[in-house]
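The block underneath contains the structure these notes are about, expressed in C-alpha cells.
The values are calculated or read from the model by the stated rules, or taken from the named source; none is laboratory data. None of these values were measured; they are calculated from a predicted model. Using ideal geometry, Cβ is built from the backbone for each residue, glycine included, and neighbour counts are taken over all protein chains shown.
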Amino acid sequence: MINSLVDLNSEAPAPLELFEKEVIHEDNQLLVANRLEVFKPVLPRKERGRLRKRAKQLHKQLNKAGYNTLCQTRHDLYTRYLEVKSNFADLRDQFQLAKALPEPDTALLKAMRIELVRLAGQGRALAAKGRSINDQIAALQPLYDEYRQAAGRLEAHDTAKAELKEQKREEKQYVKESKIMQSLIEDALRRTPGCHHLWYDSRNRRHADIPILSRAGFNGDSHWFLLEASEKTAFGWHTLLPYGVSVDTLTSERTLQNLSVAVNRQIEVRRSSTGSQIYFLVNRLDSPDGLPRKVLFRRMFDFYPLSKHQLMPWPAGVMAGRRIEWKTFGEIPHVLIAGSSQSGKSNEINCIIATLVMMNSPAECRLILIDNKGGVEFTHWRELPHLLTPMVKIVDNVLPALQLAEKMMHRRLAMLEAVKAKDITAYNKRVATSEQWARVVVVIDELATILDQGPLTKEIHASMKVLTAMGRACGIHMVMCTQYSGVDVLPGPIKANLAARMSGAMPDGSASMTVLGTHEAKELQRIPGRMLIAVGADSKEIQTAYISDFDIEQAVIKAKEYGPAPDVPELQGDELDTEGFIPVKVFGVKDVLDLALDELNGQLSAQKMHKLLDIDSPGEKALKRFVKRIQDTAPIEHNGQIYGIKKLKRAYYLTPQSAHTDNQPTHTEGPNEDPLEPDSEKEQVYA
C-alpha cells in the first residue's frame, strides 16, 4: 500500500502547476510542429529529387503555355491602356473648357468629339483584350503557384546547405582562434602581478605557475574559458590555483584590463548559476556588447516557444550570449517600435506579421494593416486571408478601421461578462471551436502621418487610447511604428498602456526619453536592426532578425494555404468592406467657383480656400491649378451666369457679366447627354 502511494505521488503534478503552466493538447502541438517544418529548409535526398523533377515538369508546362509571354503582353496592354486613358482625360478636359466658352468653335468641338469616340473605342478594345489575357493567366495560376513553391523550397535548401557549409568552416576558424586567444591570456597572466607564482628549481632556473584555463566553448560572438580552481582527488578536494593567487585578484578590474589589452578584445567574467564556476568570456566583436550584427529570420524558429503558441508569440531578436528572445501578445498586448530612418522598424514589423500569418490560421489571428504611406510598406501583404479589413492606405480611412476594432472590443467584453470569463484564453476554453475568437492585431506604420488633421487626429488618438486600455482581455492588440516620436505623436495616456517599447538609434536624448524613458537610445550603435527593448522599467539591447523578400514571399504562400477566413461571429453584418471606407474626396472647377462665390465674395485665393476647407482641402497646390485654369479660360459660365476676372489690390475676383440668352451657347452642370463624356466634370484630386 505504501509503495502504491509513492507511485501515485511520483506522477502527481507539482503544487499549483495547473494554474502556472499553459497546457496544449497533443494534436495542437503536432499541428504547430508541422507549421514549423517550413523553417527547416534542408530537404532529404528523396524529397529534393521529387521536387526537382516536379519543378522541371511545371516549368515545361508553363513555357509551353506561354505564361511569361502572357504576363509580358498583359503588362504592355496595361501600359497602353493607361496612356489612352490619360489622353482621353486630357482631351475631355479640353473639350469641357472649349464648350464653356461664350462663342465655342463648332468645328473644333466636332473634331474633339470624334477623337474622344476613337480613344474610347481604343480603350474598350484594350480592356477587352486585357480581360481575355487575364483569364488565360488565371487558368495557369495554380501551376505557377505550385512551381514557385517547389522552386522556393529548392532555393531555400541550397541556401541552407551553403549556410551549413559556411558554419563548419567558421567552426574550424573558431577552434584555431580559440587556441590563439588562450595562449595570449596565459602569457598576460605570467606578466600580471598577483596572477602567477614565481619559484626557482635546484639549478636556479626561474619558473612561473599560472592558473589553468580550459576551453569551455564558443559561439559566433565570444570564446569561453573555464578557470579550473580545484579538483576532486581520492584524498578530497585539492586547489589548482598557484600559491598566493586568489580569485579576487584574477577577476579584478585591473587584471581584466590587462587581459583585454593583451588579446585586443573585451574580456568579461561570468559565473555559473550556483557561483561555483568562473568563466573568462572573450568577445570576438569590436564592441563589448557581444551581440551579433545580423540574425536571419528563419533561424529564430529553431527556438519557437511551442508551449506558448496559444498566446501568439512573435520574435523580438537575439540578446547577449546568443539568447533568443520571443515575446507573446498574451503577455505583452501592445508594442511600440520607434527609431530613426534605416534603423529596422519596418523590418521588425514584417517579421511580426510573417510570424503571425505563418504560425496562425485566419481562425486564430486576424490583421488590420494601416499603412499611411500609400500602402507601399505593406503591399506584399495585400492578398493575405488574415486581413479583417482592406488595407488602409490614406489617413481618412484610419478612424473607420479603428472604430471597427472598438465595436468588436465592446461586443467581446459583453460576451466575456456573459460567460464569466476574464480573458480571451478562458473564453476559448469554454466555447465550441467554431465559436472561438481570433486574436486581432492592429498594425499602424508611421504614426506621424495622422498629425495636422484637425479634429480627425483627436478622434484617432481617442480610439487608440480606448483600444490600448481595454483591448488586452478580449484579444485585440496594437503594434505601432513611428519615426518621429514627439509627445504629439504619442500622447502620454497611450504610451502608458504600451507594455513593450522597442527603439532604434535616436537623434537626441529627448526623442529617446519619449519612447523609453531614458537617454540610452541616443548612444545606441547605428547598426541595422540594433534596438533597445524596454518591458516596464527594464531595457536591454537586442539585435532584431532580418527578413528577406524571399521569406516574405514564402510567408504569403504559406498563409494562403489556410484558405479563406471564416466569418467573425461578433461582427455579423458589420464587416468593413471597401465600400465601408470613406471615399477619396473629389474636387473640381465647379467646387472652386462655388467656394469663391459663396464664402469669399468672389475672391479667387487658393491660400484662403485651403485654410477654409481645412482637412477637406485637396491641397493648396491643387487649388492654385484650378484658379489658374479659371483665369486662363475666363470669361466662364457658372450656374447660368457669365463671370469675368478682375484684379483689385493684388487679388483676383469673379465679376458677373451679361446673363445668358437663348442665342448664347450654354455650359450645363450635372450629367451630360453625351455617353462619352463623364458623369461629373470634376477633376479627381486625392485629398
Which numbered condition Arg526 misses (of (1) surrounded by fewer than 19 Cβ atoms within 10 Å (Cβ to Cβ); (2) in contact with a helix residue (DSSP H, G or I) (Cβ under 8 Å, 6 or more places away or on another chain); (3) within 21 Å of Ser346 (Cβ to Cβ)): (2)
Residue in the range 115-130 that is of a type outside the set (Phe, Trp, Tyr) and within 28 Å of Ile557 (Cα to Cα) present: yes
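Take the range 323-366 and flag every residue that is part of a strand (DSSP E or B) and closer than 21 Å to Leu306 by Cβ. Explain how you work it out, then say what you get.
As a first pass, look at the range 323-366 and keep what is part of a strand (DSSP E or B): 323-328, 334-338, 365-366.
Of everything in the range 323-366, those that are part of a strand (DSSP E or B) and closer than 21 Å to Leu306 by Cβ turn out to be Arg323, Ile324, Glu325, Trp326, Lys327, Thr328, Cys365.
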Consider the range 464-473. How many of its residues are assigned to a loop (DSSP other than H, G, I, E, B) and surrounded by fewer than 23 Cβ atoms within 10 Å (Cβ to Cβ)? 2
Tell me yes or no: at least one residue of the range 210-227 is acidic (Asp, Glu) and surrounded by fewer than 17 Cβ atoms within 10 Å (Cβ to Cβ). no
Six or more apart or on different chains, Cβ under 9 Å: which pairs go from a residue in the range 336-355 that's at positive phi to one that's part of a loop (DSSP other than H, G, I, E, B) and of a type in the set (Ser, Thr, Tyr)? Could you list them? Gly339/Ser485; Gly344/Thr544
Checking Gln257 against (1) in contact (Cβ under 8 Å) with a residue 12 or more places away in the chain; (2) in the same structural domain as Trp224 (by TED's automatic domain parsing), the condition it does not meet: (1)
Return yes when Gly330 is in the same structural domain as Thr389 (by TED's automatic domain parsing), farther than 24 Å from Gln554 by Cα and either crowded, with 21+ Cβ neighbours inside 10 Å or of a type outside the set (Ser, Thr, Tyr) (or both) and no when it is not. no
Could you tell me whether Glu579 is at pLDDT below 80 and either closer than 30 Å to Met408 by Cα or over 37 Å from the mean Cα position of the chain (by Cα) (or both)? yes
Log entry, pairs with first residue in the range 39-67 being under 22 Å from Glu553 (Cα atoms) and surrounded by 12 or more Cβ atoms within 10 Å (Cβ to Cβ), second being modelled with pLDDT of 85 or more and of a type in the set (Asp, Glu), beta carbons closer than 8 Å, six or more apart or on different chains, reads Arg54/Glu146; Leu58/Glu146
Quick check on the range 637-653. Is at least one of its residues loosely packed, with under 13 Cβ neighbours inside 10 Å and modelled with pLDDT under 75? no
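Considering only residues that are assigned to a loop (DSSP other than H, G, I, E, B) and either over 15 Å from Cys481 (Cβ atoms) or among the polar types (S, T, N, Q) (or both), which ones fall in the range 436-463?
Passing the criteria: Gln436, Trp437, Ala438, Asp452, Gln453, Gly454.
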Among all residue pairs at least 6 apart or on different chains, which show Cβ distances below 7 Å where the first residue, located in the range 577-600, is crowded, with 16+ Cβ neighbours inside 10 Å and the second is charged (D, E, K, R) and modelled with pLDDT of 70 or more? Val589/Arg629; Leu600/Lys608
Test for Lys560: is it among the charged types (D, E, K, R), closer than 20 Å to His477 by Cβ and either out of contact with any Lys or Arg (no Cβ under 7 Å at 6 or more places or on another chain) or free of Cβ contacts under 8 Å to residues at least 12 places away in the same chain (or both): no
Checking Leu311 against (1) surrounded by 15 or more Cβ atoms within 10 Å (Cβ to Cβ); (2) modelled with pLDDT under 85: exactly one of these is not met. Which one? (2)
Just a yes or no: is a residue in the range 412-431 part of a helix (DSSP H, G or I), within 29 Å of Asp371 (Cβ to Cβ) and polar (S, T, N, Q)? no
